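No lab work stands behind these numbers, since they all come straight from the coordinates. As the structure is a prediction and not an experimental result, all values here were calculated from the model. Neighbour counts run over all protein chains shown; Cβ positions are idealised from the backbone, glycine included.
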Amino acid sequence: MDGVRAPAPYSVCVFCASSDGAEPIFLEAAKVLGRSIAGRGWHLVYGGAEVGLMGAMADAALAAGGAVTGVIPRSLVDREIAHRGLTQLIEVNSMHERKAEMARRADAFLVLPGGLGTLDELCEILTWAQLGIHEKPIVLINIAGYWDAFLGMLDRAVAAGFLRSGHRALSRVAPDVNAACDAVERIWSR
């Protein structure tokens, strides 16, 4: 089982959208997160795309002097959305391999707004934590209340007897990027 605390430098995996979203606050949060990760000396691991929140976050981290590793399926590289300016770009065969490789390289997970792909990554990493496959921090960055409905669904699952309250607590929530990064640092310092 993977432990909570990792040796420095830490690697943080971020799940987020490959689109910009309808509200500028989401894109700005991605840029702030990229700068914050680099500024804290952390290594950014993400899905490897040059588009959307993903690309904006990676560009901001790189511009701030950070190290960035992207993990992308070959089928998406072929569509020319791979970010070619990263510190490291890892090509894998499938989405399953992508998630496993990002998880293997991560000491924590931060989750910005996103669509089905982001939900898939989030639910899988929460399930792995529930099953004891890892004990790494998972923090949802609840920009503009984006994750409120998801969190409500988890609460409903607890009330209906499908999710234990201890497993519900695996989803930590922060209102903004800095609070999310601070939460991860507090967990690592334990």
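List the residues, sorted by chain then number, that are 5 or more residues from residue 107 or on another chain and whose placed amide H is less than 5 Å from its amide H.
11, 12, 13
Any idea what the alpha-carbon Rg over 2.2 N^0.38 Å comes to for the range 94-163? Before the final figure, lay out the partial values.
Details: Rg = 12.7 Å, N = 70, 2.2 N^0.38 = 11.1 Å.
So the Cα radius of gyration is 1.15 times the expected 2.2 N^0.38 Å.
By per-residue mean of other Cβ atoms within 10 Å, what is the highest-first order of 59-69, 81-91? Don't skip to the end; give the middle numbers.
Values: 59-69: 18.7, 81-91: 16.0.
With the highest mean Cβ count within 10 Å placed first, the list reads 59-69, 81-91.
Assuming 1.002 mPa s and 20 °C, estimate D for the chain with Stokes-Einstein, Rh taken as the Kirkwood radius over Cα pairs, in µm²/s. Write out the running numbers ahead of the final one.
Values: Rh = 16.4 Å.
The Stokes-Einstein estimate is 130 µm²/s.
Taking the Kirkwood radius as the inverse of the mean 1/r across Cα pairs, report the Rg/Rh of the range 38-109.
Details: Rg = 11.4 Å, Rh = 12.0 Å.
When Rh is taken as the Kirkwood radius, the ratio is 0.95.
Which residue fluctuates the most in the chain, going by a Gaussian network model with Cα springs under 10 Å, if the choices are 148, 78, 176?
With Cα springs under 10 Å in the chain, the top fluctuation among 148, 78, 176 is at 78.
In sequence order, what are the phi-derived ³J(HN,Hα) couplings for the range 54-70 according to the Karplus relation 6.51 cos²θ - 1.76 cosθ + 1.60 with θ = phi - 60°, rounded to whole Hz, with x for glycine and proline?
Each residue's phi maps through the Karplus curve to give 4, x, 5, 5, 4, 4, 5, 5, 5, 5, 8, x, x, 9, 9, 10, x Hz.
Given +1 on the Cβ of Lys and Arg, -1 on the Cβ of Asp and Glu, and no further charges, what dipole in debye does the chain carry about its Cα centre, rounded to the nearest 20? List each step's numbers first, then the result.
Numbers: 18 positive and 21 negative charges, 108 e Å.
Dipole of the chain, to the nearest 20 debye: 520 debye.
Counting only C-alpha contacts under 8 Å and six or more residues apart, can you give the relative contact order of the chain as a whole percent?
The normalised contact order for the chain reaches 25 percent.
Going highest first, how would you order 161-168, 13-20, 129-136 by mean Cβ packing within 10 Å?
Values: 161-168: 12.2, 13-20: 23.1, 129-136: 15.1.
Top of the packing list down: 13-20, 129-136, 161-168.
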